[in-house]
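Working notes, beginning with the structure itself.
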Amino acid sequence: MDKFSVLQQYFGHSSFRPGQEQVVDAIVSGQDVLGVMPTGAGKSVCYQVPAMLMPGLTLVISPLISLMQDQVAALEEEGVHAACLNSALPEGLYSTILRAALEGDYKILYVAPERLLTDSFLYLAMHARIAFVAVDEAHCVSQWGQDFRPSYLKILDFLQKLPRRPALAAFTATATAQVRSDIVRILQLQDPVTVVTGFDRPNLRFEVLRPQDKRRALLELLEERRDKSGIVYCATRKGVEQICELLQSSG
């Protein structure tokens, strides 16, 4: 199969979105990649299509359990054998997935960064044929690594333990020039193909209001959108409780 056949058969698209094809071609050819694409631009296709084209197992490092589960479910529905490894799994199921991955049952395996340096996962990584490694939410190594997920800073340690370094692809939705530089430096991407498609999302609109009475303005805003869903952020827990009480008392 070629990339277009995979794209059509498994993902239902007849053509790539901007930036996707360049990333796919680079990964399949064995090059490192840095992809900066907005949410909704189809970053997952950029590593899922190569995973179907390349022999072996693709590892996707992700910090988000819900994202892993959603993507695995979607892939399985389309006939792609995939699984995820994270702290939410029962020990028995975790071991079962490791054995299946070692036997070549999966094309894509999502893994939380904390799992990478465990003995059981290292055994898999040492003995499985790894096609390439994709790092999702790669900005974590620069901006939030120490505080959010310190294990993101251990990805390089993991790669250095492998008998053969596979191609590495790092993805994020938004990254300044400094953050992009940090990702390349910290993950030691080798002469990466860099694709930056921008972060504009035309379906979103931003507006700043400075009302005299914030509570009244909030209630008016919600009244206009009574049948819709939304999120109200507050700076403190006390603020959340006060606004929650206001909304409940206002129906």
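The values are calculated or read from the model by the stated rules, or taken from the named source; none is laboratory data. Computed from a prediction, not measured in an experiment: that's the story for all the values here. Using ideal geometry, Cβ is built from the backbone for each residue, glycine included, and neighbour counts are taken over all protein chains shown. Surface accessibility is based on the protein's heavy atoms, side chains included, excluding ligands, DNA and RNA. Shrake-Rupley method; radii C 1.70, N 1.55, O 1.52, S 1.80 Å.
Please work out how much length the chain gains when fully extended from Asp2 to Leu209, using 0.36 nm per residue of separation minus the C-alpha to C-alpha distance, in nm with one decimal.
Stretched out fully, the Asp2 to Leu209 stretch lengthens by 69.5 nm.
How long is the gain from Arg216 to Glu103 if the chain were fully straight, where each residue apart is worth 0.36 nm and the alpha carbon distance is subtracted?
34.6 nm
If one computes the Cα centroid of segment 27-43 and of segment 178-221, what distance in Å separates the two points?
18
Leaving ligands and nucleic acids out of the surface, order Met52, Met126 by accessible area at 1.4 Å, largest first.
Heavy-atom accessible area, descending, gives Met126, Met52.
May I ask for the angle, rounded to the nearest 10°, between helix 177-187 and the longest principal axis of the chain, with both axes built from Cα atoms and the value confined to 0 to 90°?
40
Would you kindly give the portion of the calculated P(r) for segment 14-144 that falls above 19 Å, as a percent of all Cα pairs?
48
When all protein chains stay in place, what accessible area (Å², nearest 10, 1.4 Å probe) is found for Arg149?
40
So if R0 is 41 Å, what FRET efficiency would Leu246 and Glu77 give, r being the distance between their Cβ atoms, rounded to the nearest 0.05?
My answer for the efficiency is 0.45.
How large is the accessible surface per residue of segment 64-136, computed with a 1.4 Å probe and reported in Å² as a whole number?
Value returned for segment 64-136: 47 Å² of accessible area per residue.
Loop-only GluC sites (Glu not before Pro) in segment 138-237, please: DSSP not H, G, I, E or B, and at most 14 other Cβ atoms within 10 Å.
Within segment 138-237, the qualifying GluC sites (Glu not before Pro) (loop, at most 14 other Cβ atoms within 10 Å) are Glu207.
Candidates (i) 63, 41, 38; (ii) 54, 47, 40; (iii) 54, 38, 34; which is the computed Cα extents along the principal axes in Å?
(i)
Using 26 Å as the Cα-Cα cut-off, could you pick out the over-long pairs in Lys3/Lys43; Lys107/Lys161; Lys154/Lys238?
In this structure, Lys154/Lys238 lie more than 26 Å apart at Cα.
Mind checking the angle between helix 91-102 and the chain's longest principal axis? C-alpha axes, 0 to 90 degrees, to the nearest 10.
For 91-102 against the chain, the angle is about 50 degrees.
Order the peptides 25-37, 130-142 from the highest to the lowest mean number of other Cβ atoms within 10 Å of their residues.
My ranking of the peptides, most packed first, is 130-142, 25-37.
May I ask you to derive the relative contact order of the chain, considering only C-alpha pairs under 8 Å and at least 6 residues apart, and to give it as an integer percent?
Value for the chain: 26 percent.
Treating the Cα atoms of segment 148-208 as identical point scatterers in vacuum, please give the log10 of the normalised Debye intensity I(q)/I(0) at q = 0.24 Å⁻¹, two decimals.
-1.13
Sort largest first and round to whole Å: the equivalent ellipsoid semi-axes of segment 91-164, each the square root of five times a Cα gyration tensor eigenvalue.
23, 13, 11
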